[in-house]
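**Student:** Here's a structure for you.
The values are calculated or read from the model by the stated rules, or taken from the named source; none is laboratory data. Given the structure is predicted, the values throughout are model-derived calculations rather than measurements. All Cβ positions, glycine included, derive from the backbone under ideal geometry; neighbour counts span all protein chains shown.
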Amino acid sequence: MASNKKLLVLPGDGIGPEVMRQVYRVVDWFDRRRIVSFDLAEDLVGGAAYDAHGTPLADGTLQAAMAADAVLFGAVGGPKWDSLPFSAKPERGLLRLRKELGLFANLRPAMVFEPLIGASTLRPEVIRDLDLMIVRELTGGVYFGEPRGVETLPDGTRRGINTQVYTTPEIVRVGRVAFELARKRRGRVTSVEKSNVMESGLLWREEMQALRDREYRDVELSHMYADNCAMQLVRNPKQFDVIVTDNLFGDLLSDCAAMLTGSLGMLPSASLGAADAGGGRKALYEPVHGSAPDIAGKDMANPLACVLSFAMMLRYSFDLGEEAALVERAVVNTLKGGVRTSDIMQTGTARVSTTVMGDTLLRELDKLA
Ligand code: NAD
């Protein structure tokens, strides 16, 4: 049994610690069954870290994250810290982690679980068996490009500036993540930009094509304008396997794709850094949802997004695809059994607490093992 997997857990604020508690139970389940075990450490982040250390990410925590094989993150933020200056806000803890770990590729799967098909606003036949992955470039583009700012012009009016900028290495490294993923999935990548109106988009298209022709001839690559992609995601989302796109378009399209599946409480994500010589990568896994202050402390939160983030970690950081699939099957069977947290309630199902959802998940794991 391997135990050389260093995992840093950062539960954070609000429902973060509540959903993470259920992940710990799954970790413990794997450990007790002697399937896989982790060298676990836990630390504070976000508002909790600010309360303890006066900063949303202490240097020691950052060092622990740098030394870990993977970071599992809950959620940060809440009204208690809303009036803090920008640099001390809980969310800065997450942004600093992403920046310092060099996490340039954000992976957001959009999967429809059959028992939740009614939770989507789209017709069942449009989304049944949907399984797509959006790879968003996370550290470049218009959110970081220079020059930026707001300036006052000689006539007294103002001008706001942001710059969309991408270089070949930035495009190639995120492209590689998308092509590698496609190889493990259905072998298709759609690269999305606006090369009809943006030079940076044209560069994006050319570099993606050149990379594919050079290194990934076994993967099918097509190109799509971002506005068309938004339409296609709603019209016929099952045409996609892996979508790779820039920071801005990825921000919008991944939220759009997420809502195909119906619930925030079901959505995992991963953020990956560059591969090192040994083939490992810095990586952070987190549910897409925030700290949900409205339900925090009430044992009401859906823990499945966090559990599914853990499954992504098994697959992408530790190459434990079978174990990841086991967790995912247990999630589907939990839903099939008719238990629901309030965010995914449907008629004919039973509303349960976070803890009972965790109990049910463990029973389903027991049945599968
Ligand atoms: P949110 O995702 O926290 O909540 C939005 C709505 O969805 C709320 O009604 C909430 O109760 C519900 N919800 C979210 N997750 C749920 C779950 N697992 N189970 C059941 N219901 C769930 O977004 P928000 O309300 O915009 O933000 C709240 C706080 O979280 C803010 O401080 C925000 O800055 C922060 N935030 C943090 C992250 C992060 O840590 N990555 C992401 C988004 C928002």
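**Student:** Go through the residues of region 251-267 one by one and say whether even a single one is of a type in the set (Ser, Thr, Tyr) and not in a helix (DSSP H, G or I).
**Tutor:** Yes, there is a match, as at least one residue in region 251-267 is of a type in the set (Ser, Thr, Tyr) and not in a helix (DSSP H, G or I).
**Student:** Suppose we filter Gly60, Gly93 for residues that are farther than 26 Å from Ser191 by Cβ, part of a helix (DSSP H, G or I) and within 12 Å of the ligand (Cβ to nearest atom); which single one remains?
**Tutor:** Details: Gly60 fails: within 12 Å of the ligand (Cβ to nearest atom).
Going through Gly60, Gly93 in turn, the sole match is Gly93.
**Student:** Go through region 101-154 and give me each residue that's acidic (Asp, Glu) and not in a helix (DSSP H, G or I).
**Tutor:** Going through region 101-154, the residues acidic (Asp, Glu) turn out to be 114, 125, 129, 131, 137, 146, 151.
Asp129, Asp131, Glu137, Glu146, Glu151 - these are the residues of region 101-154 that are acidic (Asp, Glu) and not in a helix (DSSP H, G or I).
**Student:** Which one of Leu72, Leu101 is more than 15 Å from Gly12 (Cα to Cα), surrounded by 17 or more Cβ atoms within 10 Å (Cβ to Cβ) and modelled with pLDDT of 95 or more? Step through it out loud before you land on a result.
**Tutor:** Details: Leu72 fails: more than 15 Å from Gly12 (Cα to Cα).
That would be Leu101, the only listed residue that is more than 15 Å from Gly12 (Cα to Cα), surrounded by 17 or more Cβ atoms within 10 Å (Cβ to Cβ) and modelled with pLDDT of 95 or more.
**Student:** Checking Pro56 against (1) under 23 Å from Asp276 (Cα atoms); (2) surrounded by 15 or more Cβ atoms within 10 Å (Cβ to Cβ), which single condition isn't satisfied?
**Tutor:** Failed condition: (1).
**Student:** Out of Thr167, Thr121, which single residue is within 30 Å of Leu335 (Cα to Cα), surrounded by fewer than 15 Cβ atoms within 10 Å (Cβ to Cβ) and among the polar types (S, T, N, Q)? Explain how you work it out, then say what you get.
**Tutor:** Numbers: Thr167 fails: within 30 Å of Leu335 (Cα to Cα).
Selected residue: Thr121, the only one of Thr167, Thr121 that is within 30 Å of Leu335 (Cα to Cα), surrounded by fewer than 15 Cβ atoms within 10 Å (Cβ to Cβ) and among the polar types (S, T, N, Q).
**Student:** Any idea which of Gly278, Gly321, Gly338 is modelled with pLDDT under 95, of a type outside the set (Ser, Thr, Tyr), surrounded by fewer than 22 Cβ atoms within 10 Å (Cβ to Cβ) and closer than 18 Å to Asp131 by Cβ?
**Tutor:** Details: Gly278 fails: closer than 18 Å to Asp131 by Cβ; Gly338 fails: closer than 18 Å to Asp131 by Cβ.
That would be Gly321, the only listed residue that is modelled with pLDDT under 95, of a type outside the set (Ser, Thr, Tyr), surrounded by fewer than 22 Cβ atoms within 10 Å (Cβ to Cβ) and closer than 18 Å to Asp131 by Cβ.
**Student:** Of the residues that make up region 133-141, is at least one in contact with a strand residue (DSSP E or B) (Cβ under 9 Å, 6 or more places away or on another chain), acidic (Asp, Glu) and under 18 Å from Leu308 (Cα atoms)?
**Tutor:** The answer is no; no qualifying residue exists.
**Student:** Give region 217-246 a look and list any residue that's buried (at least 20 other Cβ atoms within 10 Å of the Cβ) and aromatic (Phe, Trp, Tyr), or say none.
**Tutor:** Hit for region 217-246 is Phe240, nothing else.
**Student:** Of all residues in region 248-271, how many are more than 16 Å from the ligand (Cβ to nearest atom) and modelled with pLDDT of 95 or more?
**Tutor:** The qualifying residues number 3.
**Student:** Look through Lys298, Lys282 and report the one residue that is more than 6 Å from the ligand (Cβ to nearest atom) and either among the polar types (S, T, N, Q) or over 17 Å from the mean Cα position of the chain (by Cα) (or both).
**Tutor:** Details: Lys282 fails: either among the polar types (S, T, N, Q) or over 17 Å from the mean Cα position of the chain (by Cα) (or both).
None of the other options fit; the residue is Lys298.
**Student:** Yes or no: Val45 touching a Leu at 6+ places or on another chain (Cβ under 6 Å) and within 16 Å of the ligand (Cβ to nearest atom)? Show your work before the answer.
**Tutor:** On the way: touching a Leu at 6+ places or on another chain (Cβ under 6 Å): yes; within 16 Å of the ligand (Cβ to nearest atom): yes.
Spelling it out, Val45 is indeed touching a Leu at 6+ places or on another chain (Cβ under 6 Å) and within 16 Å of the ligand (Cβ to nearest atom).
**Student:** Here's something else I'd like to know. Does Val126 fit the bill of being farther than 26 Å from Thr355 by Cβ and surrounded by fewer than 23 Cβ atoms within 10 Å (Cβ to Cβ)? Step through it out loud before you land on a result.
**Tutor:** On the way: farther than 26 Å from Thr355 by Cβ: yes; surrounded by fewer than 23 Cβ atoms within 10 Å (Cβ to Cβ): yes.
Taking the combined requirement at face value, the residue satisfies it.
**Student:** Please indicate, with yes or no, whether at least one residue in region 41-50 is over 27 Å from Met300 (Cα atoms) and in a helix (DSSP H, G or I).
**Tutor:** Step one: of region 41-50, the residues over 27 Å from Met300 (Cα atoms) are none.
No; the residues of region 41-50 include none that is over 27 Å from Met300 (Cα atoms) and in a helix (DSSP H, G or I).
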